[in-house]
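K.L.:
My questions all concern the structure below.
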Amino acid sequence: MIDCVIAEDELLLRDELVQLLAGAWPELRIVAVCDDGGSALDAIAAHTPQVAFLDIRMPGLSGLEVAGALAEVSPATQVVFVTAYDQYAIDAFDRGALDYLLKPVAPARLAATVQRVKARLASAKPDDGALAALLRQLGNALPPPAPRNEPLVWLTASAGTETRLIMVEDVAYFQADSKYTVVMTAQGEALLRKPIRELLDVLDPAIFRQIHRSTIVNVKAIASVARDESGRGMLRLRTRPETLAVSQPFMALFRAM
């Protein structure tokens with residue numbers, strides 16, 4: 001059996017890809033189906049699958065960012081990107097070592113992709129240099145994502161019997177708390193009646209980054225990051241006394257810090 005992780009944030013396309021793969025690659029075992037980049041990175045780190053199908057545009061981490069972290073968390077994983085940006089991406093993909101599927105996925109194209117991935121799994125090790133070069137090229141070729149919503153500017157959250165208006169730029173980090181989210185600022189904490197997963201669609205991705213499936217941090221609030229011997233990280237904040245744990249897969253995103 002070949003293990004596989006699928007990451008696609010659109011439910012109908014995700015279900016369609018699962019069904020198409022069942023017919024095109026019967027020996028494929030789908031070990032995780034994810035709807036955002038952070039969950040996909042966690043799943044790949046946990047299962048180290050031979051293959052990952054990654055949507056390029058997802059809430060939180062993009063498919064490109066997830067693929068860029070694989071050299072540390074699962075270097076043997078073969079990547080197939082799923083994209084709607086044919087006019088921007090085809091040239092880069094065709095010159096690279098990875099495969100891509102255009103939305104909506106055509107069965108004939110999927111069958112050809114499956115055969116190429118099988119051949120690479122049987123005969124070659126992943127070419128980290130080719131992947132890195134392709135990711136750089138795609139990062140320059142793809143247009144910036146059209147926001148699903150305007151980035152969140154302020155929010156209301158509960159603190160005891162009070163309802164506070166909090167400017168998003170003042171938030172140090174968000175922490176999942178069951179189906180709610182704890183909002184941490186320099187002044188203290190408040191409770192947002194929204195799951196953290198929904199924040200990924202409305203926070204500015206240039207400022208707020210996942211460091212754990214349950215934590216989103218304001219990068220402007222980070223003072224330093226350190227890695228322990230196990231590969232896990234700890235963030236020290238500028239405006240809060242506590243430190244934040246960075247799960248091992250997400251530490252790959254902090255290489256440049």
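Readers should treat all values here as calculations from the given coordinates under stated rules, not as data from a laboratory. Please read all numbers here as calculations on a predicted model, not as lab measurements. All Cβ positions, glycine included, derive from the backbone under ideal geometry; neighbour counts span all protein chains shown.
K.L.:
Quick one: length gained pulling residue 18 to residue 2 fully straight, 0.36 nm per residue minus the C-alpha distance?
P.N.:
In short, 4.3 nm is gained.
K.L.:
Calculate, for residue 11 and residue 150, the FRET efficiency according to 1/(1 + (r/R0)^6) with r their C-beta to C-beta distance and R0 22 Å; round to the nearest 0.05.
P.N.:
Working: r = 23 Å, r/R0 = 1.05.
Computed FRET efficiency for residue 11 and residue 150: 0.40.
K.L.:
7 Å from Cα along Cα→Cβ at both residue 106 and residue 223: what's the point-to-point distance in nm?
P.N.:
Result for the modelled spin labels: 5.6 nm.
K.L.:
Roughly what would the spin-label model give for residue 119 and residue 163, points 7 Å off Cα along C-beta, in nm?
P.N.:
The two pseudo-label positions are separated by 6.2 nm.
K.L.:
Let's test this: bin the Cα-Cα distances of region 154-254 at 5 Å from zero up to the farthest pair and state each bin's percent.
P.N.:
Percent of Cα pairs in each bin: 3, 13, 25, 25, 19, 10, 4, 1, 0.
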